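Contents: one structure, followed by commentary.
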Amino acid sequence: MHVTGATIMPGNWEHYRTAVVEIRFPERTVRVEPRAFGTAEGAFPEAAGRAAVHVITAWNPRGRTASAGANARAHRLLLGEVHRLGLAWWPAEGGDPGGTHREESVAVVGLDDAAARGLGRRFGQDAVFAWTPGAWRVLACGTGAASVSGWAARARGRARSRPAG
């Protein structure tokens with residue numbers, strides 16, 4: 001793992017660095033996990049080409065647990081913004097490796113890192129994820145800080161729901 005940019009990290013930075021993400025593509029659900037820097041195990045999604053897949057949530061802004069209703073409203077607003085921007089997207093969930101904490105998210109193609117960070121900031125987020133063929137990155141929304149590691153992607157069978165984007 002390499003850290004770049006500002007040295008002031010959000011309070012939950014270690015949780016973000018170890019988080020896993022499940023993305024529901026039409027044909028399968030893929031679990032992406034951080035690995036040692038330089039590792040790229042599994043297949044990067046063909047639909048993304050070589051562009052970054054950014055994973056963004058609107059849940060629990062500013063690292064504070066919000067009610068189910070508030071999180072659902074925030075997620076609907078995020079989906080509205082994704083649609084307004086005309087981004088290709090898939091449903092996603094991010095959380096801890098053990099699955100005890102999960103946050104509904106979107107995996108989008110068509111943003112650069114600055115725009116992804118800006119969208120995360122708009123929804124009160126500390127960080128967003130960026131998945132590329134060569135790296136898994138955690139991008140701080142409030143600074144230029146980033147944690148760069150490798151990744152492993154494993155298919156988990158057929159997708160549970162059809163993507164909307």
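The values are calculated or read from the model by the stated rules, or taken from the named source; none is laboratory data. Just so we're clear, the structure is a prediction, and the values are computed from it rather than from any experiment. All Cβ positions, even for glycine, are placed from backbone atoms using ideal geometry, and neighbour counts span all protein chains on display.
For segment 132-139, state whether one or more residues are over 15 Å from Pro45 (Cα atoms) and surrounded by fewer than 18 Cβ atoms within 10 Å (Cβ to Cβ). Within segment 132-139, not a single residue is over 15 Å from Pro45 (Cα atoms) and surrounded by fewer than 18 Cβ atoms within 10 Å (Cβ to Cβ). Tell me, please, whether a residue that is touching a residue at least 40 places away in the same chain (Cβ under 8 Å) and surrounded by fewer than 13 Cβ atoms within 10 Å (Cβ to Cβ) can be found in segment 107-121. Scanning segment 107-121 turns up at least one residue that is touching a residue at least 40 places away in the same chain (Cβ under 8 Å) and surrounded by fewer than 13 Cβ atoms within 10 Å (Cβ to Cβ).
Looking at Ala48, Ala88, Ala74, just one residue is closer than 19 Å to Val138 by Cβ, surrounded by 15 or more Cβ atoms within 10 Å (Cβ to Cβ), in contact (Cβ under 8 Å) with a residue 12 or more places away in the chain and not basic (Lys, Arg), and that residue is Ala48.
Out of Thr65, Thr57, one residue alone is among the polar types (S, T, N, Q) and modelled with pLDDT under 95. It is Thr65.
The set of residues from segment 90-104 being under 14 Å from the mean Cα position of the chain (by Cα) and closer than 22 Å to Ala66 by Cβ comprises Pro91, Ala92, Glu93, Gly94, Gly95, Asp96, Arg102, Glu103, Glu104.
Of all residues in segment 112-141, which are touching a Lys or Arg at 6+ places or on another chain (Cβ under 8 Å), more than 22 Å from Ala153 (Cβ to Cβ) and not in a loop (DSSP other than H, G, I, E, B)? Listed by number, the list holds a single entry, Ala140.
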